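Read the structure below first, then the notes.
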Amino acid sequence: MSTVTDHKPLDERLLPTSPLRKLLARPELGSVVGALAVFLFFAFVADGFLRATSLSTVLYASSTIGIMAVPVALLMIGGEFDLSAGVMVTSSALISSMFSYQMTANTWVGVGVSLLVTLAIGAFNGFMLTRTRLPSFIITLGTFLMLTGMNLGFTKLIDGTVSTKTIGDMEGFSSARAVFASTLGIGGVDVKVTILWWLGLVALASWILLRTRTGNWIFAVGGNEDAARAVGVPVARTKIGLYMGVAFGAWISGQHLLFSFDAVQSGEGVGNELIYIIAAVIGGCLITGGYGSAVGSAVGALLFGMTSKGIVYAEWNPDWFKFFLGAMLLLATLLNAWVRKRAEATA
């Protein structure tokens, strides 16, 4: 007696995935290829580029961008932008400096107050976005303009000039500088502490995206907000948290700015928000959201650092830097699009 057995096709999620398919599906693949090409290019054309001190300088330049590029990338994966990120860094530094100086308090008190106020700015951006349903471009452009005016207005009102008073001789300055702006000797090479902050943020963000429920929420919100809400994803809470993440990165960068020089110019930071977004896009984040990685943003920041310092080591005219940055953005975007098509074709 024979029996007939129906053979149903396996769920595609249970099918084995080849290493090539996994590699092509990685968002940062295009940026990694681009970073290798830029590295090899400057290694050949720029004398001294491969020196340990030069590479340390490249990493430092990359870290000052990467600290902000990481949370900006997460926000973009969640489908939003923050045009106030650049001036928020300056706001964070100004708050810390002026509060400590005016209250004659330990600089760590100013650092703590700055953290609370900066996180509140991020929460304001997220709250306004979720309550008004206006585009993030409009919300954060408004915040950008308000912060730009407040940075200048409050600095001139309190200090009488466009820069803050020096706080280098105040209590707690040395320990705060050690945390935010120190230089470590590793293998005979000076390494800025911002590189450690950067790598730590990349590791934390990667863990959140790939190993936690919050990471699933971020991808879901960026992919399709309405569908995510329909299956119970806390969309508003997720977006507010992402904006507060950008604010946290701005706080770290702001304290580095302050404790590197012990005074801050109120007009700094304008335009840097575009650099953070460029680093995230070069790293594989889509403008439309729902796709990208923290590692990709780090590679994008590294590309920025290698290009900015490679031009100097090659003794080229730095006036061409923006041209190379724009060309790199276009090439990276085209390469990322090609990689995605290849990944979809092999799926």
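The values are calculated or read from the model by the stated rules, or taken from the named source; none is laboratory data. Keep in mind that what you see is a predicted model, and the values were worked out from it rather than measured. Every residue, glycine among them, receives a Cβ derived from its backbone with ideal geometry; neighbour counts consider all protein chains shown. Side chains are part of the model used for accessible areas, which takes the heavy atoms of the whole protein and leaves out ligands, DNA and RNA. Shrake-Rupley method; radii C 1.70, N 1.55, O 1.52, S 1.80 Å.
Key figures for this structure:
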read-out	value
Tally of residues being open to solvent by less than 50 Å² (accessible area, probe 1.4 Å), charged (D, E, K, R) and closer than 27 Å to Leu274 by Cβ across the range 216-263	1
Residue that is farthest from Gly271 (Cα to Cα), among those in the range 78-97 that are open to solvent by 10 Å² or more (accessible area, probe 1.4 Å) and assigned to a helix (DSSP H, G or I)	Ile95
Tally of residues being of a type in the set (D, E, K, R) and touching a residue at least 40 places away in the same chain (Cβ under 8 Å) across the range 132-163	2
Residue match in the range 26-38 (condition: open to solvent by 10 Å² or more (accessible area, probe 1.4 Å), assigned to a helix (DSSP H, G or I), on the phi < 0 side of the Ramachandran plot and without any contact (Cβ under 8 Å) to a residue 12 or more places away in the chain)	yes
Residues that are among the charged types (D, E, K, R) and within 25 Å of Ala61 (Cβ to Cβ), drawn from the range 171-219	Arg177, Asp190, Lys192
Which numbered condition Leu50 misses (of (1) part of a helix (DSSP H, G or I); (2) in contact with a helix residue (DSSP H, G or I) (Cβ under 8 Å, 6 or more places away or on another chain); (3) without any contact (Cβ under 8 Å) to a residue 12 or more places away in the chain; (4) of a type outside the set (Lys, Arg))	(1)
Candidate set: the range 39-77, residues that are of a type in the set (Val, Ile, Thr) and closer than 23 Å to Ser206 by Cβ; chosen: the one most open to solvent (accessible area, probe 1.4 Å)	Thr64
Leu201, sole failed condition from (1) within 18 Å of Ser92 (Cβ to Cβ); (2) out of contact with any Pro (no Cβ under 9 Å at 6 or more places or on another chain)	(2)
Filter pass, Leu75 being in contact (Cβ under 8 Å) with a residue 40 or more places away in the chain, closer than 30 Å to Val235 by Cβ and in a loop (DSSP other than H, G, I, E, B)	no
Tally of residues being in contact (Cβ under 8 Å) with a residue 40 or more places away in the chain and either part of a helix (DSSP H, G or I) or open to solvent by 30 Å² or more (accessible area, probe 1.4 Å) (or both) across the range 182-192	4
Test: residue in the range 273-283 that is touching a Phe, Trp or Tyr at 6+ places or on another chain (Cβ under 9 Å), in a helix (DSSP H, G or I) and either open to solvent by 60 Å² or more (accessible area, probe 1.4 Å) or hydroxyl-bearing (Ser, Thr, Tyr) (or both)	no
In the range 149-165, the residues that are touching a Gly at 6+ places or on another chain (Cβ under 8 Å) and open to solvent by 30 Å² or more (accessible area, probe 1.4 Å)	Leu152, Val162
Count - residues of the range 286-338 that are open to solvent by less than 80 Å² (accessible area, probe 1.4 Å) and either part of a helix (DSSP H, G or I) or of a type outside the set (A, V, I, L, M, F, W, C) (or both)	37
